[in-house]
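**Q** One structure follows; several queries about it will come next.
The values are calculated or read from the model by the stated rules, or taken from the named source; none is laboratory data. This one's a predicted model, so the numbers in the text were calculated from it and none came from an experiment. Here the Cβ positions follow ideal geometry from the backbone for every residue, glycine too, while neighbour counts run over all protein chains shown. Surface areas here come from the heavy atoms of the whole protein model, side chains and all, with no ligands, DNA or RNA. Shrake-Rupley method; radii C 1.70, N 1.55, O 1.52, S 1.80 Å.
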Amino acid sequence: FKVLAGPDALHLAIESDLAEGAPYTQMDERDAKAWSTECIDVMAAATEDARRRVHVIASPTDGGFWDARFGFLTDPFDPRYRSDDDRWNGEMTLANKVSGGVWKVRMRLPYSDLGANAPKSGEVWRLNVGRQANMHGRPRMPELLLWNPNVQSRSFNVPDVMGRLKFK
């Protein structure tokens, strides 16, 4: 994958193998259960502590993705306080292309979704990119690939182990 910081958004380009005939579910709507099939998983935070972050899970089908924010709710009586707020729908966009056993994803994540301005030189943000693959036809035993793995808990959703992006 590659990440570029534009004037108004982060741009991610992710490429992964996707076997011809891989058993993925057709999902064409926002807030789909994209984690239940072949998927790309992105968590991004515009701070080094990652207390406020965005989480996007995309399926190989156009329009089939889930997005949520964590840490942006301030009301402790809100049922989603200190959990993913999946009622939120950001302005992020993504495009998929599957061809010849390769899945290409292009994602645009506006800084406004992250509650931030464009990063300055030397600033450090947090990011993790993952891929859940059903390479062996066993949906209950997916292969998990992570840019910055968390071998202690084997969970993608741990902000302390997210990778660090240092902007130039």
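**Q** In the set Asn134, Asn157, which member is farther than 15 Å from His11 by Cβ, at pLDDT below 90 and either in contact with a Ser or Thr (Cβ under 8 Å, 6 or more places away or on another chain) or open to solvent by less than 30 Å² (accessible area, probe 1.4 Å) (or both)? Give the derivation first.
**A** Numbers: Asn157 fails: either in contact with a Ser or Thr (Cβ under 8 Å, 6 or more places away or on another chain) or open to solvent by less than 30 Å² (accessible area, probe 1.4 Å) (or both).
Asn134 is the lone residue from the list that is farther than 15 Å from His11 by Cβ, at pLDDT below 90 and either in contact with a Ser or Thr (Cβ under 8 Å, 6 or more places away or on another chain) or open to solvent by less than 30 Å² (accessible area, probe 1.4 Å) (or both).
**Q** Moving on to the next point. Working carefully through the options Leu145, Leu127, find the one that is modelled with pLDDT under 90, at negative phi and surrounded by 12 or more Cβ atoms within 10 Å (Cβ to Cβ).
**A** Details: Leu127 fails: modelled with pLDDT under 90.
Of the residues listed, the single one that is modelled with pLDDT under 90, at negative phi and surrounded by 12 or more Cβ atoms within 10 Å (Cβ to Cβ) is Leu145.
**Q** While we're looking at this one, here's another question. Among the residues of the range 97-120, what is the count of those that are at pLDDT below 95 and of a type in the set (Ser, Thr, Tyr)?
**A** Of the residues in that region, 1 qualify.
**Q** OK, next. Answer with yes or no whether Thr47 is modelled with pLDDT of 90 or more and hydroxyl-bearing (Ser, Thr, Tyr).
**A** On the way: modelled with pLDDT of 90 or more: no; hydroxyl-bearing (Ser, Thr, Tyr): yes.
Against the criterion (modelled with pLDDT of 90 or more and hydroxyl-bearing (Ser, Thr, Tyr)), Thr47 does not qualify.
**Q** Those residues that are more than 14 Å from the chain's Cα centre (by Cα) and either more than 23 Å from Arg164 (Cα to Cα) or of a type outside the set (Asp, Glu) (or both), I need them from the range 105-129; list them, please.
**A** The answer is Tyr111, Ser112, Gly115, Ala116, Asn117, Ala118, Pro119, Lys120, Ser121, Gly122, Val124, Trp125.
**Q** Next up: Quick check, is Arg69 within 25 Å of Leu144 (Cβ to Cβ) and open to solvent by 70 Å² or more (accessible area, probe 1.4 Å)? Lay out the reasoning, then the answer.
**A** Values: within 25 Å of Leu144 (Cβ to Cβ): yes; open to solvent by 70 Å² or more (accessible area, probe 1.4 Å): no.
Judged against the criteria, Arg69 is not a match.
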